[in-house]
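Here the structure comes first, spelled out in structure tokens, and everything after it is commentary.
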């Protein structure tokens, strides 16, 4: 069988990594096609042939972010011996992630701001954030089951609390907050966890 068409002259995986970095830095609206193609080192026809559309590239970039950057926070959350330790480690990783780019912040939080013109992209991020919320809640529930946390722990409210703290870290990092300032958010956040009786 004869293959038709010119072979791709670039590594799609590397190109997607570059796209993720552009979207992370500029957001969906701010990332123009020229920004993406320049970062990838390809021309617009190659971009569309490889990714289909800017929105499709964005969704793939979000998935890559979750699988790589975001996975570290969730792994830290779940691998710790106790819920307390896991939640603290998650927040510490959130600070690391928020400060790991020059622009600051988290792609899942800051990737899309305009919900009218880019509703599909916004919903994609919203669903990713909801999944993170479920993962936090599941870890809290495991903490209750393993007697790390009291049986009366309001895991639903606490999951929202800790997700909100990660989002605050992201926004404040984007506004230029220092590592020390962001790390000072962790102890007050942890104080929301109820203590075991006795």
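The values are calculated or read from the model by the stated rules, or taken from the named source; none is laboratory data. Quick caveat, the model's predicted, so the values are computed rather than measured. Glycine gets a Cβ as well: all are built from the backbone with ideal geometry, and neighbour counts include every protein chain shown.
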Quiz item: residue 78: outside any loop (DSSP other than H, G, I, E, B), farther than 27 Å from residue 187 by Cβ and in the same structural domain as residue 186 (by TED's automatic domain parsing), yes or no?
Solution: no
Quiz item: What is the number of the single condition among (1) within 27 Å of residue 176 (Cβ to Cβ); (2) crowded, with 20+ Cβ neighbours inside 10 Å; (3) in the same structural domain as residue 132 (by TED's automatic domain parsing) that residue 31 does not meet?
Solution: (3)
Self-check item: Condition met for residue 151 (free of Cβ contacts under 8 Å to residues at least 40 places away in the same chain and assigned to a loop (DSSP other than H, G, I, E, B))
Solution: yes
Exercise. Pull up the stretch 104-121, narrow it to residues that are surrounded by 15 or more Cβ atoms within 10 Å (Cβ to Cβ) and more than 13 Å from the chain's Cα centre (by Cα), then point me to the one that is modelled with the highest pLDDT.
Key: 121
Quiz prompt | Those residues of the stretch 89-102 which are surrounded by 15 or more Cβ atoms within 10 Å (Cβ to Cβ) and not in a helix (DSSP H, G or I), in sequence order | solution = 99, 101
Quiz item: So how many residues does the stretch 65-79 have that are over 13 Å from residue 106 (Cα atoms) and surrounded by 18 or more Cβ atoms within 10 Å (Cβ to Cβ)?
Solution: 3
Exercise. Would you mind stating whether residue 86 is assigned to a loop (DSSP other than H, G, I, E, B), in the same structural domain as residue 184 (by TED's automatic domain parsing) and within 26 Å of residue 174 (Cα to Cα)?
Key: no
